[in-house]
Amino acid sequence: QVQLVESGGDLVQPGGSLRLSCAASGSIFSINAMGWYRQAPGKQRELVATITSGGSTDYADSVKGRFTISRDNAKNTAYLQMNSLKPEDTAVYYCKAVLQLRPNSNKYNYWGQGTQVTVSS
């Protein structure tokens, strides 16, 4: 059973920091791009940041300069370091990974269950 498990969500004051983790487990041949998305109440899910298997990154304009995505390929884990948090960053944060389960097989998107980040004083 392939799983993506996020952790690290919490309640934090404005200006604070959090670090989210996303660990992929199960029988996985390769992990391609990984990414973080978020969904606030009443809003559509939006892209926050992505990272390729080679380490190239991309960010939503709203988080550039404040958030940093990284990954540890040996641990099949991606991270999202979030600094200078704002109330508008409040959302459920989801991890997505493009996984290949066997050699020469198709690649599919897998999603985690989400972790709640609340920024409030």
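The values are calculated or read from the model by the stated rules, or taken from the named source; none is laboratory data. Computed from a prediction, not measured in an experiment: that's the story for all the values here. Every residue, glycine as well, gets a Cβ built from its backbone with ideal geometry; the counts of neighbours run over all protein chains shown. To get the accessible areas, we keep the full protein, side chains included, count just its heavy atoms, and leave off ligands, DNA and RNA. Shrake-Rupley method; radii C 1.70, N 1.55, O 1.52, S 1.80 Å.
Annotations for the structure displayed:
- 1.4 Å probe accessible area per residue over the chain, in Å²: 54 Å²
- A straight Cα-to-Cα reach below 15 Å connects residue 75 with the aspartates and glutamates 6, residues fewer than 8 places away in its own chain not being considered.
- A simple rule links phi to the HN-Hα coupling: the Karplus curve 6.51 cos²θ - 1.76 cosθ + 1.60 with θ = phi - 60°, which for segment 113-121 gives 8, x, 9, 7, 10, 10, 10, 7, 8 Hz, with x for Gly and Pro.
- Span per principal axis, largest first, for the Cα atoms of segment 11-83 (Å): 39, 24, 23
- Virtual spin-label span in nm between residue 70 and residue 27, 7 Å along Cα→Cβ: 3.3 nm
- Within the straight-line cut-off of under 20 Å between alpha carbons, the aspartates and glutamates reachable from residue 64 are 46, 88, 89, sequence neighbours fewer than 8 places apart in one chain being disregarded.
- Protein accessible area in segment 18-92, 1.4 Å probe - carbon and sulfur %: 47 percent
- Working note: Karplus 6.51/-1.76/1.60 with θ = phi - 60° gives segment 22-27 the couplings 9, 10, 9, 9, x, 7 Hz, where Gly and Pro are set to x.
- Computed from backbone phi with θ = phi - 60° and the Karplus coefficients 6.51, -1.76 and 1.60, the 3J(HN,Hα) list for segment 92-109 is 8, 9, 10, 9, 10, 9, 9, 10, 10, 8, 9, x, 6, 8, 5, 9, 10, 7 Hz; x is used for glycine and proline.
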